[in-house]
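Trainee: Take a look at this one; I'll ask things after.
Any read-out appearing in this document is the output of simple, stated calculations on the displayed coordinates, not a laboratory observation. Note that the structure is a prediction, hence the values are computed from the model and not measured. Neighbour counts are summed over all protein chains in view; Cβ atoms, including those assigned to glycine, are modelled from backbone coordinates with ideal geometry.
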Amino acid sequence: MKILVTGGAGFIGSAVIRHLIAAGDAVVNLDKLTYAATPEALEDAAESPRYAFAKVDICDGPAVRAVFAEHRPDAVMHLAAESHVDRSIDDAADFIQTNVVGTYRLLEVATAYWRALEGAAKDAFRFHHISTDEVFGALGAEGLFTEETPYRPNSPYSASKAASDHFVRAWHKTYGLPVVTSNCSNNYGLYQFPEKLIPLMIINALTEKPLPVYGKGENVRDWLHVEDHARALVAVLTRGRVGETYNVGGDSEMRNIDVVGMICDLVDALSPRGSGKGSRRDLITFVTDRPGHDLRYAVDAAKIARELDWRPQETFASGLEKTVAWYLDRRDWWQGILERRYQGERLGLSKSTKAG
């Protein structure tokens, strides 16, 4: 199978491509290479004759159309997105452009391409849209997000993803495009850009910097290892029912403060501070909460387990230990990012929207 992966140089996209190449599939990576792109995550995959790369913005309809015409994919996995909530608070424009307009452009091109296919190729074609559990808003102390949970996005990021989900559904219902959609919980693992919670805490702990925790650290997330997510996405693409949505979760609910504490303990064990310095937990610093910070997310992944026989292979403890060890080993990667692209500064503090 030849699969067009949008955003394949990103954190989740690169994990998906590594998985596909290892399984013997052909991949076309369509990526704009924005600030968070990690081409290093694809160094091994890129050596395969079954890998191709196209530096293209999904908002550029003619360029996307040319990629489809040249490579003739059997399926699309759409991961290209602006994804950091804090950045969406500072300026939502890029999120609306990429996540909403870009998804529309991609749907437009994919639908025309699919309609021109014939026979078995047309029957087998799939458009897999990858989204987030944040479109559902916040949970209280109990309950889980299911595939039937109403959408209630609370940030510009989640609103843009909710809009893209609705466009994908509309293209299926209106034009017949064979789509599948998945909504995942918080991912973590190797090659995650340092602005996200887990890599930022690991790096700050290693470099003896404060560990900024929003509010009191009581916000709860369901954590999913990126390699488990990649396996789930391939299962949804290849075996999911057309028109259906599948929630993907790690069955690993954790308060943010507990996640940070676990990171401190792992870094202490793997890279001791030296005599007299004590635990890195003393670096934890509580800071002003994020505006509109959802209290709790938790995903019911029973449907994907029941229908596609997928379950996470990593516990949060096993996955986090592997992740911390990887960041210790790959200082060369994240130090380069800190020097050139992101210095660990606080984002999402904008108190007003931009006008004009």
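Trainee: Could you tell me whether the stretch 254-269 includes any residue that is surrounded by 17 or more Cβ atoms within 10 Å (Cβ to Cβ), touching a helix residue (DSSP H, G or I) at 6+ places or on another chain (Cβ under 7 Å), over 30 Å from T181 (Cα atoms) and charged (D, E, K, R)?
Mentor: Within the stretch 254-269 (the criterion being surrounded by 17 or more Cβ atoms within 10 Å (Cβ to Cβ), touching a helix residue (DSSP H, G or I) at 6+ places or on another chain (Cβ under 7 Å), over 30 Å from T181 (Cα atoms) and charged (D, E, K, R)), the answer is no, since none of the residues qualifies.
Trainee: Here is a further query. Hey, any hits in the stretch 97-119 for a residue that's buried (at least 22 other Cβ atoms within 10 Å of the Cβ), among the aliphatic types (A, V, I, L, M), outside any helix (DSSP H, G or I) and in contact with a Leu (Cβ under 7 Å, 6 or more places away or on another chain)?
Mentor: No, there is no match, as no residue in the stretch 97-119 is buried (at least 22 other Cβ atoms within 10 Å of the Cβ), among the aliphatic types (A, V, I, L, M), outside any helix (DSSP H, G or I) and in contact with a Leu (Cβ under 7 Å, 6 or more places away or on another chain).
Trainee: Being in contact with a helix residue (DSSP H, G or I) (Cβ under 6 Å, 6 or more places away or on another chain), not in a loop (DSSP other than H, G, I, E, B) and not aliphatic (A, V, I, L, M) is the filter; apply it to the stretch 233-249 and report the residue that is nearest to K303 (Cα to Cα).
Mentor: Out of the qualifying residues, it is Y246.
Trainee: Being among the aliphatic types (A, V, I, L, M) and closer than 30 Å to L4 by Cα is the filter here; which residues of the stretch 237-278 pass it?
Mentor: Of everything in the stretch 237-278, those that are among the aliphatic types (A, V, I, L, M) and closer than 30 Å to L4 by Cα turn out to be L237, V242, V248.
Trainee: Write out, first by first residue and then by second, each pair whose Cβ atoms fall under 8 Å of each other, whose residues are 6+ apart or on separate chains, and whose first residue, in the stretch 42-55, is in a loop (DSSP other than H, G, I, E, B) while the second is loosely packed, with under 15 Cβ neighbours inside 10 Å.
Mentor: Filtered contacts from the stretch 42-55: R50/G24.
Trainee: Note down all Cβ pairs under 7 Å where the first residue falls in the stretch 98-112 and is in contact (Cβ under 8 Å) with a residue 60 or more places away in the chain and closer than 18 Å to V5 by Cβ, the second is in a helix (DSSP H, G or I) and among the polar types (S, T, N, Q), and they're at least six residues apart or on different chains.
Mentor: N99/S160; N99/S164; T103/S164
Trainee: Could you figure out which of (1) within 18 Å of K32 (Cβ to Cβ); (2) among the aliphatic types (A, V, I, L, M); (3) surrounded by 14 or more Cβ atoms within 10 Å (Cβ to Cβ) isn't true of L139?
Mentor: (1)
Trainee: Going by the structure shown, is A69 out of contact with any helix residue (DSSP H, G or I) (no Cβ under 6 Å at 6 or more places or on another chain) and more than 30 Å from Y327 (Cβ to Cβ)?
Mentor: yes
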